Structure formats: C-alpha cells, structure tokens
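What follows is a single structure, written as structure tokens, with notes after it.
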Amino acid sequence: MSRKDELRQNRLDKKKRIEAEGLHPYPVFTKRTHTIEKVLSDFSQLKKLEEEVFIVGRIRSFRQHGKIVFIDIEDGTEKVQIFISEDGVGPTPYIFFTENLDIGDFIQVKGVLFLTKREEKSVNASDIKVLSKNILPLPEKWHGIQDTEERYRKRYLDILFTEGVKSNFETRSKIIKSLRAFLDEKGFLEVETPILQPIYGGAGARPFKTHLNALSMDFYLRIAPELYLKRLLVGGFEKVYELGRCFRNEGMDRSHNPEFTSLEFYWAYSDYKQLMNFTEEMLVNLVKNVFNKEEIWYEDNKIDMKSPWPRLQFNDVIKKETGIDIEEINKEELAKEAENMGIKIEKGADKARISDEIFKNKCRHTLIQPTFIIHHPEGFQPLAKGLPETNKLANFQLYIAGWEVVNAFSELNNPIEQQKRFKEQENMLKEGFEEAQRMDDDFIEALEYGMPPAVGFGMGVDRLTAILTNSHSLREIIIFPAMRKKNE
C-alpha cells in the first residue's frame, strides 16, 4: 500500500469512528453567525461582550501542545486561530476531536474570542462540529503542488496552496464587472446569442462540430458571436454587447486556449476612429477602477496605460521590422519572403493572411506599450469596410505587451460586397485554407433588409486579464484550462 493510500485509509477509519459516535461527517445543516473576516474586524467589541460566535472553515494547520491544541481554520474571507482545550470542550470531546480531526477537514466552531499570550486573535472553542471529513491528504503545507501541469488539472488545490492564484481569479472577476459596468453606463444592452450555430462565422478559425439529434442537423460551437449581434442592428438595436465563451479548434500555446472568453460589441452610427478613442477610455477606466493606477508591470516591462496611444500603419510596421513593403510586392513574392524567414504559411492563404503571419512572427513582440495597428490590407478581414480609394481596411488591432488584445473595424453593411467576399472565402477553403469564413445566406438576407453603418469590437478577455495580472500564460487565468489526459 502506498503512503497516499495509507493516509486515505487512516482518514476513512476516522470517518467510521465519527459515525460510530452518532455524528454525521457530512451533516445537512450548518450554523454560522460571523465570517472570519467579520470576527477579526469586530474582535475588540465581540471580545468585550464575551459574545459567543459560530464560525466555519477548513482546517489549514494543526498544532498540539500537551493537552492544548491550536488549529487554524480558513473560510472564504480570512483565517483565524482556534484554541481547543479540555476545559473548553470537555475531556471526552477533546480526546475524540483531537484524535479524529485532520488538516483539510471543514468544521464548525462555537466559542468566545480572546487574545493569546502572544496577543494573537483567537477563538476559545466550546463546541466543534465536523462539516466535511477530508479523505485525501492535502499537499504538504510548505511545498504545495510543484508540477505545473498538475496545478492546472487540480486547480482547486492550486487555489489553496499557490500564492496569488486566488487573487488572480478575484481580479479577473473585477475586470469583467468593470467592462460590463462601463458598457452599461454608455447605453449598451447585454444580450445572449446562440453558442450552437448551423454555420460558424465572424472570425477565421477552425470550429468544433457536433450533432443535434432532435433536428438531425450538424451544428458548430461558435467561433464568434459577430454575425448574430449584427442581425440585432438590422432589428433596430443600436448598441449591443455579449460577454461569453467562444470555441476554436486550433493550436494551444501561452496566448491560445480552445475555449476562451470574448467581449464583442456593436455600435451603430459610429466609425473605427471614434471606436479607438472609446477603447482608450474603457481600458484606462478599467485599470483605474481595478488597480487604482494607470501603470502596470508585465514581466520585465512597465506599461503606461495613459492615453492617447499611438496609431501605427500596418504596412509601416512591417516595413520597419522586415524591410518588406507589402504594397509593392505580389502574393508569390511575399510567400517566398515568409518562407525565407522560416514562417509557415497555410495552403490557400491569400496575400493578406501571409502579411498577417509575417506581422505575428516579426513585429508584434515589439509592441509593448498600448498601440493601435491600423489599416490592414483588404482580405485580412472579410467583414470589414474598406477605406475609399485604397486597398486598406477601416480597422484597427490593439496590442499590449506584445499580445493582440482587440480586433475592431467599421462593419461592412453592403450585402452585395459581403456576398462577394464570402464567395472569395469559399474559394480559399477549396484551395485548402481551413480558416476561411463560410457563406452565410441568412446573414446576407439580413443585410439586404438594411443594417446601419456601425463599428464592431472584439476583445480577448483572457489575454487582457493575463496582461493585467502579470501572468505568463492564459492557463494561469483560465480557471479550468483545456489539458491533455495525464501521462499522454
């Protein structure tokens, strides 16, 4: 029997002893009068009144000194020391509980407050109740979980033992609340659109496919909510947003996870230049609200979030970093340049996609401070409007700390041009480009009823959170990231 199995069996034996005493190791009812945070904040007043409190929590440490036991328990708010003695709980309960409690158990404690000789705030227990008997031993207090992969698989233990993990997820929640509050205040309506879609669209990505038995139809997990949100503009809404999960069946690395959280919003009668100002306002407001400052650190870089942020032309950045002028070179020559740089280009990719791969590999890592990259070449985004008398788009991407955080543009609302672009995408798919967008006849019909001029905004909430919490990988701030099976 392994050491882990021995410890598990020991705890199962204790569970049986608790049951043999007529006690329930997993009772239905709990009594709690104060959180631990409240006990500590009101300690002087509660101690003065000698008021009994009922607190609950998980045992995090257990120290026995003769006939006195000190344990620390922790709830979701704070940690406090519990003093257990024969005088407090009685000789028989003292022996029973000190022999059958383990680190990791959840307990309910009744007692009064006092200060130890070292003036540590404590609770003198007069009664203890087991709320949940721990069966598997927790990792060692001082070592926690050393294997990074195991941390992500057993996030519940990671939160318990790895410093900063819990606070990162609390910060993530604050970031999402701040984004929602800002958009709500600006008159945007939060909506929910289908996650299961008969045609995937709104981005260039491989989808996850499933089958709905009730309708005998194949469906796809959405790669973006864009086309449904724009249908709402056709229906008369002027400002809508959705904050939710999207799914892309593609590679995994520090900045990609197949399941991720995106914020998309659509704003009628606005344009991409106005949207850049709005984006600055929203994110500066977020950083001030959540962190109470305008500067953050990401790894070794101090990032100044104060606006305005630079607006750099896509072609100018590539030319500066590689010497290539993409406006003066054809697709075949550009593909050859990419090959010479060791950049893999997917079969069927057009000139815009090749340019984007060069940018990702050779340029984006230089964009540490918040920077808007504007005016990508036509073909880069088949849903975006083109600038008049140019071969460029009315669009921008926002980069922070070398990460692409936002993709946004003035929306194409010409149904004839949109249909033409979808057909071009279908041809790219036939040539082998798997991330091409699909023809969506229902969306084209919606556009033919008339969609107002509008801008669209898409942001990776996970990427933004990783930057703002100084996390190296998305897996640090996605609470349960996708993982390979163990030992594979």
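The values are calculated or read from the model by the stated rules, or taken from the named source; none is laboratory data. This structure is a prediction, so every number in the text was calculated from the model and none was measured. Methodologically, a virtual Cβ is constructed for each residue, glycine included, from the backbone with ideal geometry; neighbour enumeration extends over all protein chains shown.
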TODO: Could you tell me whether Lys273 is out of contact with any His (no Cβ under 7 Å at 6 or more places or on another chain), assigned by TED's automatic domain parsing to the domain that holds Thr171 and not in a strand (DSSP E or B)?
DONE: yes
TODO: Answer yes or no: is there a residue in segment 410-423 that is at pLDDT below 95, of a type outside the set (Asp, Glu), within 27 Å of Gln197 (Cα to Cα) and in contact with a Lys or Arg (Cβ under 8 Å, 6 or more places away or on another chain).
DONE: yes
TODO: Of the numbered conditions (1) assigned to a helix (DSSP H, G or I); (2) at pLDDT 95 or above; (3) basic (Lys, Arg), Arg151 fails exactly one; give the number of that condition.
DONE: (2)
Task: Top-ranked residue in segment 373-407 [being of a type in the set (Phe, Trp, Tyr) and surrounded by 21 or more Cβ atoms within 10 Å (Cβ to Cβ); ranked as farthest from Ile296 (Cα to Cα)] - done: Phe380
- [ ] May I ask you to list the residues in segment 194-240 that are touching a residue at least 60 places away in the same chain (Cβ under 8 Å), over 18 Å from Ala384 (Cβ atoms) and among the charged types (D, E, K, R)?
- [x] Arg206, Glu238
Task: Positions within segment 410-455 being among the aliphatic types (A, V, I, L, M) and touching a helix residue (DSSP H, G or I) at 6+ places or on another chain (Cβ under 8 Å), in sequence order - done: Leu412, Ala436, Met439, Ile444, Ala446, Leu447, Met451, Ala454, Val455
Open item on the list: Exactly one condition in (1) more than 19 Å from the chain's Cα centre (by Cα); (2) under 30 Å from Arg8 (Cβ atoms); (3) at pLDDT 95 or above is false for Phe169; which is it?
Closed with: (1)
- [ ] Confirm whether Lys117 is in a loop (DSSP other than H, G, I, E, B), basic (Lys, Arg) and either out of contact with any Ser or Thr (no Cβ under 7 Å at 6 or more places or on another chain) or at pLDDT 95 or above (or both).
- [x] yes
Open item on the list: I'm told Lys31 meets every condition in (1) surrounded by 14 or more Cβ atoms within 10 Å (Cβ to Cβ); (2) closer than 25 Å to Glu120 by Cα except one. Can you identify the failing condition by its number?
Closed with: (1)
- [ ] Have a look at Glu37, Glu50 and point out the one that is among the acidic types (Asp, Glu), under 25 Å from Tyr94 (Cβ atoms) and surrounded by fewer than 16 Cβ atoms within 10 Å (Cβ to Cβ).
- [x] Glu50
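Working carefully through the options Asn361, Asn340, Asn289, find the one that is surrounded by 14 or more Cβ atoms within 10 Å (Cβ to Cβ), of a type in the set (S, T, N, Q) and more than 27 Å from Ser410 (Cα to Cα). If you could, list the steps in order and put the result at the bottom.
Numbers: Asn361 fails: more than 27 Å from Ser410 (Cα to Cα); Asn340 fails: surrounded by 14 or more Cβ atoms within 10 Å (Cβ to Cβ).
Going through Asn361, Asn340, Asn289 in turn, just one is surrounded by 14 or more Cβ atoms within 10 Å (Cβ to Cβ), of a type in the set (S, T, N, Q) and more than 27 Å from Ser410 (Cα to Cα): Asn289.
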- [ ] Report those strands (runs of 3 or more DSSP E) wholly inside segment 300-399 carrying at least 3 residues which are modelled with pLDDT under 95.
- [x] none
Open item on the list: Looking at Gln418, Gln437, Gln425 in this structure, which one is under 23 Å from Gly348 (Cα atoms), among the polar types (S, T, N, Q) and not in a helix (DSSP H, G or I)?
Closed with: Gln437
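Would you check which residues across segment 304-346 are of a type in the set (Lys, Arg) and over 31 Å from the mean Cα position of the chain (by Cα) and list them?
Lys319, Lys320, Lys331, Lys336
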- [ ] With respect to Leu157, determine if the residue is over 16 Å from the mean Cα position of the chain (by Cα), outside any loop (DSSP other than H, G, I, E, B) and free of Cβ contacts under 8 Å to residues at least 60 places away in the same chain.
- [x] yes
Open item on the list: When you scan segment 462-470, do you find a residue that is in the same structural domain as Gly251 (by TED's automatic domain parsing), under 30 Å from Lys174 (Cα atoms) and part of a loop (DSSP other than H, G, I, E, B), even just one?
Closed with: yes
Task: Those residues of segment 214-262 which are modelled with pLDDT of 95 or more, in contact with a His (Cβ under 9 Å, 6 or more places away or on another chain) and either of a type outside the set (Asp, Glu) or buried (at least 19 other Cβ atoms within 10 Å of the Cβ) (or both), in sequence order - done: Met217, Phe219, Arg248
TODO: Take segment 88-111 and flag every residue that is of a type in the set (A, V, I, L, M) and surrounded by fewer than 17 Cβ atoms within 10 Å (Cβ to Cβ).
DONE: Ile95, Ile103
TODO: Please state which of the following conditions Asn301 fails to meet, knowing it meets all the rest: (1) crowded, with 16+ Cβ neighbours inside 10 Å; (2) within 28 Å of the chain's Cα centre (by Cα); (3) more than 20 Å from Asp184 (Cα to Cα).
DONE: (1)
